Amino acid sequence: MLTKEWQTEIHKCAKCGKCRSICPVFIETGKESMVARGRISLADALRNGEIFHTELLREYLLSCKKCLRCSHICPSGVDYDFIIQTMLDDLANNIGIWLIPRIVFSIFLTRRGIFNLLLKIASVFQRLVPLKRHGTMRHLPFMFMGGRWIPPLAKKPVLKKYRGMKTIKHPKMKVGFYVGCLINYVYTDIADAVIDVLNHFEIEVVVPQGQLCCGIPARSLGDVKTARRLAEVNVAVFEKAGVDFIINACATCGRTLKKDYPRILGEQCLKFSNKVYDITEFIEQYCNYTTKLQNTRVAYHDPCHLYWGQNISKPPRDILRRSAVFQEMENPERCCGGGGVFNLLHYDLSKKIGEYKATAIEKSGAEIVATGCPGCRLQIEDLLAARNSPVKCTHTIQVLRDAILPPP
Ligand code: SF4
Ligand code: SF4
């Protein structure tokens, strides 16, 4: 598992420390074990047999946000993501995966019906909790989520809502919508906007029913088996749908489908991955449109997995400039501190990282902050709610929808 390719990558690190200047976790903690250079030293020690597979090692690896910044600025071109992912896979292979995630991954992620039922029960309980600002709530009935401002679960997941979708007469093209878990179960308003906008452009959208989680939670903990199973199902489902393009509105899912799937499944899935587009990238490349400029001040937050992970920063800005009064915030590509596994394990640190972002949003004078990732939206809503800020967070596609299909 610790291949030659992996060892070569470790050797590339010149120990210059440039990654320290950009790593959001290192900036907050100042700990060498929590930055790319330090973790690469740990990889080297593991390779030499100086350290072993332990929970402490896993802790250091999981304190990485996987924001991909360090790989991009590294003067030696180290593929840090590959190094750390290989180590996580190797750790899982040697000392296993924690019991709770193992149960969740093996039972719920690959079986949509059971997952739906569990969330349905949770959504009934959440009705006992009053909604506060902009529709967020203080707690879900999960103890581990206590203290956060989080949105409620949707009454009907996207995959159920768009089960029997209407077809469009003489569509210009047919696209498949990869929904992703957060949009499916929580931010269904993003899916509504994606479908409204694409239908307005005379594009038929299908929402293939068999699609599953992209696999990133399992992959993050080194559960390669589950990640591979999920990838295989998703590729097969979209191949069967016979679509021209595969659209998504989640930066993390999009990066996983584009970049991780070929790594997990090999070159045979390049045909699938090459069809995958972020919704803003797709619109700017394939759609001609006019807008009715809205008088709302909008700022934009670059999700790490769009900006660094897919090199997408211009399309969302072009859309926002044509849709509303665009106001750039300070360092818009600075991390918001969100991120699935990291956020759950290091909530206090993630809030600390996000403080800069929340201040930049408020300083921009915007009424709305748009972004391209439901995970970032979750984090930003929590940060803004904790400050009682009046700024709302939304997805870029929703701002566009309001500019081309303004409410009556
Ligand atoms: S990972 Fe790259 S930036 Fe960081 S110390 Fe090594 S060579 Fe320098
Ligand atoms: S991926 Fe992000 S959090 Fe992880 S070491 Fe690199 S810069 Fe730091």
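The values are calculated or read from the model by the stated rules, or taken from the named source; none is laboratory data. Just so it is clear, the structure is predicted and the values come from calculations on it, not from any experiment. Reconstructed Cβ throughout: ideal geometry from the backbone, glycine too, with neighbour counts over all protein chains shown. With ligands, DNA and RNA removed, areas are computed over all heavy atoms of the protein, side chains included. Shrake-Rupley method; radii C 1.70, N 1.55, O 1.52, S 1.80 Å.
Values for this structure:
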item: Solvent-accessible surface (1.4 angstrom probe) belonging to LEU56, in square angstrom, nearest 10; result: 90
item: Antiparallel bridges, percent of DSSP beta bridges restricted to the chain (to nearest 5); result: 5
item: Amide proton proximity set for GLY176, modelled H, under 5 Å, gap of 5+; result: VAL206, ASP244, PHE245, ILE246, ILE247
item: Ranked by how many other beta carbons lie within 10 Å on average, peptides 311-318, 379-386, 45-52, 352-359 from highest; result: 379-386, 352-359, 311-318, 45-52
item: For GLN398, net neighbour charge (Lys/Arg +1, Asp/Glu -1) across residues whose Cβ lies under 14 Å away; result: -3
item: Carbon/sulfur fraction of accessible area - the stretch 30-70, other protein chains in place, 1.4 Å, %; result: 56
item: Charge dipole (debye, nearest 20) of the chain; +1 at Cβ of Lys and Arg, -1 at Cβ of Asp and Glu; result: 880
item: Kyte-Doolittle mean at least 1.0 and Cα axial length at least 20 Å: DSSP H helices in the chain; result: 112-126
item: Among LEU270, VAL35, ILE190 the positive-end extreme of the charge dipole of the chain (Cβ point charges); result: ILE190
item: Cα lying deepest toward the dipole's positive end in the stretch 4-95, options LEU88, ILE22, PHE52, charges on Cβ; result: ILE22
